[in-house]
Every structure is written in C-alpha cells, then in structure tokens.
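Structure first, then comments.
The values are calculated or read from the model by the stated rules, or taken from the named source; none is laboratory data. Fair warning: this is a prediction, and the values are worked out from it, not measured in the lab. Ideal geometry is used to build each Cβ from the backbone, glycine not excepted, and the neighbour counts take in all protein chains shown.
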Amino acid sequence: MTHYDNWFVRFWRKVYNPLGFKKGYNFPLFFIFGGAMLGFSLARLSYLNISGDAPSSFKSGAVPGEWFWYQNGIHRIGITLHLATIVPAGALMGFQFLPIIRYKAILFHRINGYLIILLATLGNIGAAMIARRAFGGTLATQSAVGYLIIATTISMALAYYNIKRLQIDEHRAWMLRAMFALGTIITLRIIMALASGIISSIGSYSAVMNCGEVAFLYANSPATLESRYPLCVGGNNTDMVVKADINSGFREEVKASMVLTFGMAWWVAIAMHAVGVEVYLRLTAAEGERLRVVSYEMQRKAGMRNPGSAGLTADRLGDVEKWEVPGETA
C-alpha cells in the first residue's frame, strides 16, 4: 500500500466513522441512495402547496393536464393525502439508516421508524386513489402502483413484526426492501426521460388522451383547440389520439410521451431495485450474521423461545439448516 493509499484510507475513515459506519463501502451507498431520497423529497416539499398558483406548487409543476383530474373529488383527496404523507416519509427515511442515530439516539430511531411506516401506509392509500389518472392511468402504471402498495406494505409489516421479536437482522432486510421499493419513484424518472426522448425521436408513437384533459390545456386558446382537435370542442368527453413528443411545443404531446413511458419505466425500475437490494443483502451477509448474533443475545435475555430465530427466519419457514450461534457446539 502506498503513502497515498494510507492517507486516503485515514481521510475516508475520518469522514464515515463519526457517522457510525464501520465499513468504508457502506457510506458511499448511504450517501448515494439516502441522499437521492432526501434530495428528491426536499425538492418536492413545495408540492405540499397543492392548489396554489406559485410556480413551485403541485398545480403548476405537475405533468401537463394532470390538474384537470386533481381539481376536485376523490382524486383531489388522493393526491393531497399522498403528497402530504409520502414526501415527509421520504425525507425521514435516510435517518433510519444512519448508524450513529441507532447507536446514540435509539428512541428517535424507533419513533422515526413508526412515523415512516404510518406515513408510507397513508401515502399508499393516496396512491391507490389516484392511480387511475396518474400519468394517463395506463394499466402498466396502475399495476405498478398496485404491486408497490402490496410489496411495501408486506415488507414494512414483516419489518415491524421482526423488530417486535427482536430479530434485528430480518428487520434490517425487510426495511431495506421496503425503502428500495419506494425509491423506484426516482429511478423511473431517469428511465422515463430517456425513453421519452427515444420514442420522440422515432416519431411514430401516439397516446390516447381524454378530450376534457386536452380542452383543459387549451382553456385560454379555444381557437387553437378547434383547429387541432375539433372533436374536443363543446365539452365532448371522447378520447383522442395524441402524438407523443417530449420536445413538442404543444403540452398535450409532451404529456403523451410521458403517458407511454411512465408505466414501462416504473416496471423497469422495480426490477432493477428488486435485484439490487437482494444483491446488496448478499454482499453484506457478514453484517446480517453479526446482527443475528446480536438478536440471539437480546432474545435470550428476553426469555424468548428459539433465540436467534424468534422472528420470521428462513430456518423456521424453509428447508434451511437450523441456525446455530457461531462458536457453539451441540
């Protein structure tokens, strides 16, 4: 190892050790994924101003035409519930994976965890209410919303159960799965931006949009509406085929490109995150084993049956060999 290597290692440890990280590779991962979630959530805080006219409000910043559906009724309730809960939940998530908080402020860690589970659950309810209209409400989008609601709810429920059983290793694994699933909302936007550009350059893609939504976009330009979409004049509620072009000067064509790519991008992101979190859990198997030993000690002191496996572990549910404390013999 060179002098430069020694200097870099010492410097790097001074960065991550005060935050409670024991391994050098964990901090960059936390910084990238936790930072992305925190940054995305903070950037969306202005969306809590749902119906305001400020440029940063949800009404002003939403995808073109979306506000047509969210002005009132069940969709207005849904988007308000979703944003008012999932945005704060996203901002709080990163703190759950900061080791120094778990070591020095365990009460905050617990309260924050309960709060995230509550907020994310309410956010899922709101998401279910708006799925039919979000980004066109295609079946791909609705099924992605449904899958994530099921996946995150089950993951958080299992994480909660395992921590109540003092099974810390499984609690960690299921919370990571839940957070990675929720993080797909960020990755999908990158994929959607790329896909929208690709289909726009091809130029042969179109999407179906409701006339009411199209007319809403042309509320201040009735003559343009009549020339481009004559069937949508006069309150006609039929559907129209709209060209998909993210670079277009017409907002309905920009929206059409997003309608076509949003659901697809979400499913690709779901697959990437599902594989990614399992790869991470297997690459950090030593940390999982360490936490299982900690779980064993805590469960044994609490007088639980099957210490080390008091929660939902593979050796209780599957055909995995019974776990034994390292160093102990039968």
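If you scan the stretch 205-238, which residues turn out to be among the small types (Gly, Ala, Ser) and either at pLDDT below 95 or in a helix (DSSP H, G or I) (or both)? Step through it out loud before you land on a result.
Filtering the stretch 205-238 down to residues among the small types (Gly, Ala, Ser) leaves 206-207, 212, 215, 219, 221, 223, 227, 234-235.
Of everything in the stretch 205-238, those that are among the small types (Gly, Ala, Ser) and either at pLDDT below 95 or in a helix (DSSP H, G or I) (or both) turn out to be Gly212, Ala215, Ala219, Ser221, Ala223, Ser227, Gly234, Gly235.
Being among the small types (Gly, Ala, Ser), within 21 Å of Gly34 (Cα to Cα) and touching a helix residue (DSSP H, G or I) at 6+ places or on another chain (Cβ under 6 Å) is true for just one of Gly311, Gly263, Gly288. Which residue is that?
On the way: Gly311 fails: within 21 Å of Gly34 (Cα to Cα); Gly263 fails: within 21 Å of Gly34 (Cα to Cα).
Gly288 is the lone residue from the list that is among the small types (Gly, Ala, Ser), within 21 Å of Gly34 (Cα to Cα) and touching a helix residue (DSSP H, G or I) at 6+ places or on another chain (Cβ under 6 Å).
Would you say Tyr147 is surrounded by fewer than 19 Cβ atoms within 10 Å (Cβ to Cβ) and touching a Leu at 6+ places or on another chain (Cβ under 9 Å)?
Working: surrounded by fewer than 19 Cβ atoms within 10 Å (Cβ to Cβ): yes; touching a Leu at 6+ places or on another chain (Cβ under 9 Å): no.
Taking the combined requirement at face value, the residue does not satisfy it.
If the requirement is being in a helix (DSSP H, G or I) and either assigned by TED's automatic domain parsing to the domain that holds Ala173 or among the polar types (S, T, N, Q) (or both), which of these qualifies: Pro55, Pro28, Pro64, Pro18?
On the way: Pro55 fails: in a helix (DSSP H, G or I); Pro64 fails: in a helix (DSSP H, G or I); Pro18 fails: either assigned by TED's automatic domain parsing to the domain that holds Ala173 or among the polar types (S, T, N, Q) (or both).
Checking each option against the conditions leaves just Pro28.
Select from the stretch 136-157 the residues that are at pLDDT below 95 and assigned to a helix (DSSP H, G or I) and list them in ascending order.
Hit for the stretch 136-157 is Gly136, nothing else.
Has the stretch 230-239 got at least one residue that is surrounded by 11 or more Cβ atoms within 10 Å (Cβ to Cβ), over 16 Å from Met264 (Cβ atoms), within 34 Å of the chain's Cα centre (by Cα) and not assigned by TED's automatic domain parsing to the domain that holds Gly65?
yes
Being part of a loop (DSSP other than H, G, I, E, B) and farther than 16 Å from Ile168 by Cα is the filter here; which residues of the stretch 304-323 pass it? So that I can check it myself, show each step before the final result.
Of the residues in the stretch 304-323, the ones part of a loop (DSSP other than H, G, I, E, B) are 304-313, 318-323.
Those that are part of a loop (DSSP other than H, G, I, E, B) and farther than 16 Å from Ile168 by Cα: Gly318, Asp319, Val320, Glu321, Lys322.
Being free of Cβ contacts under 8 Å to residues at least 60 places away in the same chain and touching a Lys or Arg at 6+ places or on another chain (Cβ under 9 Å), is that true of even one residue in the stretch 214-237?
Taking the stretch 214-237 first, the residues free of Cβ contacts under 8 Å to residues at least 60 places away in the same chain are 215, 218-237.
Now drop any that are not touching a Lys or Arg at 6+ places or on another chain (Cβ under 9 Å), which leaves 218.
Taking every residue of the stretch 214-237 in turn, at least one turns out to be free of Cβ contacts under 8 Å to residues at least 60 places away in the same chain and touching a Lys or Arg at 6+ places or on another chain (Cβ under 9 Å).
Any idea which of Leu118, Leu45, Leu92 is more than 17 Å from Met179 (Cβ to Cβ), without any contact (Cβ under 8 Å) to a residue 60 or more places away in the chain and either in the same structural domain as Leu281 (by TED's automatic domain parsing) or of a type in the set (D, E, K, R) (or both)? Talk me through it step by step, then tell me what you get.
Working: Leu118 fails: more than 17 Å from Met179 (Cβ to Cβ); Leu92 fails: more than 17 Å from Met179 (Cβ to Cβ).
On inspection, the qualifying residue turns out to be Leu45.
Any residue in the stretch 153-174 that is closer than 19 Å to Gly249 by Cα, surrounded by fewer than 20 Cβ atoms within 10 Å (Cβ to Cβ) and not hydroxyl-bearing (Ser, Thr, Tyr)? Let's see the steps before the verdict.
Filtering the stretch 153-174 down to residues closer than 19 Å to Gly249 by Cα leaves none.
No, because not a single residue in the stretch 153-174 is closer than 19 Å to Gly249 by Cα, surrounded by fewer than 20 Cβ atoms within 10 Å (Cβ to Cβ) and not hydroxyl-bearing (Ser, Thr, Tyr).
Specify which of the listed residues (Ala286, Ala271, Ala256) is surrounded by fewer than 23 Cβ atoms within 10 Å (Cβ to Cβ) and at pLDDT 95 or above. Explain how you work it out, then say what you get.
Values: Ala286 fails: at pLDDT 95 or above; Ala256 fails: surrounded by fewer than 23 Cβ atoms within 10 Å (Cβ to Cβ).
Residue meeting the stated conditions: Ala271.
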